[in-house]
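Chemist: Okay, handing you the structure first.
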Amino acid sequence: MPQEIAGKPVFNVAEAWPIFDTLCICSTFYGSEDISQGWFTSFANFADKETHSFFMQRTIGTVGLQYTNKSTVDRMDFAYKAFSIGVRFFAPGVRTLGALVDGAIHYRDNYSAHWWETELPSHCALQFKVQEDIVAEGPAMLFSPGYGMSGSGASFEHDAIEQAGPNGALNALYPPVMNWSMTQGVPSLSNRFAFETPIEIPRTGTIEAILHVSEYAREVLSDIGSTIVAAAPLNYIFVDDATPKYSYYPARYGIQVSLLGYRYVQQRAQYHA
């Protein structure tokens, strides 16, 4: 029933609104990210847990709007009607990652980013809870996000500079570049997992998405990396051709769960409880 102000009914307004939350794995966190729950500095730490929670741990204040748009962890920010849910696995687009030891590239990783995007979703399941009720569950691949990078490709070119190493060997300063991008299904919102009946969530309600990771996937993730980096995600490596001098920036792997629907807010310029 609508509320009344001065004897006249007042309705809340429905606005199209996404809700999203992101889990990240990265060797380095910044600012308040250090105190964020459910983020990990290594694949091994991520693999220690069989399940991972979304919508119940992180807020804009801790990880920023880039990774979640929830303001509170213990309840909804507003009344909401959810129409669809999706989960996205993303990894560094540059697949040639590495670790620097004493200023030199000591270890390369061309595989874990591709495995994260293409294999890991096949070994995970997703549940979605409203209050205490599980309203959707299934294999993670069923819940296409409907957005993300589209297309893929790779480069393995050896030009004259790359071939300038000793005895005609490939010069280590100019490794082949590999780029790839993968999406769970065609990035069209119509491919998302739609609820047969939209899920109505009260403003004081709680929601949680739970990602279940198989023992097989956890074993693989525990072994990714090397003793040098303790199974931490490796880094983007940059080189100054004139010196040469290497620098690096930490790469991030992530899993993002999103809802699409309507939020219900008070009408603009009208004030009521």
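Chemist: What does the charge count near Thr197 come to, summing +1 for each Lys or Arg and -1 for each Asp or Glu among other residues with Cβ under 14 Å from its Cβ?
Modeler: Charge balance near Thr197 sits at -2.
Chemist: Let me ask you something else. Once both labels are modelled 7 Å past Cα along the beta-carbon direction, what's the Arg108-Leu142 spacing in nm?
Modeler: Going from the Arg108 label point to the Leu142 one covers 4.1 nm.
Chemist: Over segment 7-133, what is the relative contact order in percent, taking alpha-carbon pairs closer than 8 angstrom and at least six residues apart?
Modeler: 16 percent
Chemist: How much net charge surrounds Ala113 when only other residues with a Cβ under 13 Å from its Cβ are counted (Lys, Arg +1; Asp, Glu -1)?
Modeler: Summing Lys and Arg as +1 and Asp and Glu as -1 gives 0.
Chemist: Would you work out if segment 25-66 is rounded, prolate or oblate? Take a ≥ b ≥ c from the square roots of the eigenvalues of the alpha-carbon gyration tensor; rounded if a/c is under 1.5, else prolate when a/b is larger than b/c, oblate otherwise.
Modeler: Oblate shape, in that a/c is at least 1.5 and b/c is the bigger or equal ratio.
Chemist: Residue by residue, what Karplus-based ³J(HN,Hα) values in Hz, rounded to whole numbers, does segment 128-145 have, using 6.51, -1.76 and 1.60 with θ = phi - 60° and x for Gly and Pro?
Modeler: Using θ = phi - 60°, the values come out as 10, 10, 10, 6, 9, 9, 7, 9, 7, 7, x, x, 4, 5, 6, 9, 4, x Hz.
Chemist: What number comes out for the charge environment of Ser144, summing +1 per Lys or Arg and -1 per Asp or Glu over other residues with Cβ under 11 Å away?
Modeler: +2
Chemist: How would you rank 67-79, 108-120, 28-40, highest first, on the average number of other Cβ atoms within 10 Å across their residues?
Modeler: Top to bottom by mean Cβ count within 10 Å: 108-120, 67-79, 28-40.
Chemist: Arrange the peptides 84-93, 183-192, 256-265 so that the one whose residues have, on average, the most other Cβ atoms within 10 Å appears first.
Modeler: Packing proxy ranking, top to bottom: 84-93, 256-265, 183-192.
Each value in this text was obtained by applying a stated rule to the coordinates, not by laboratory testing. Just so we're clear, the structure is a prediction, and the values are computed from it rather than from any experiment. A quick note on method: Cβ atoms are made from the backbone with ideal geometry, for glycine too, and the neighbour counts reach across all protein chains shown.
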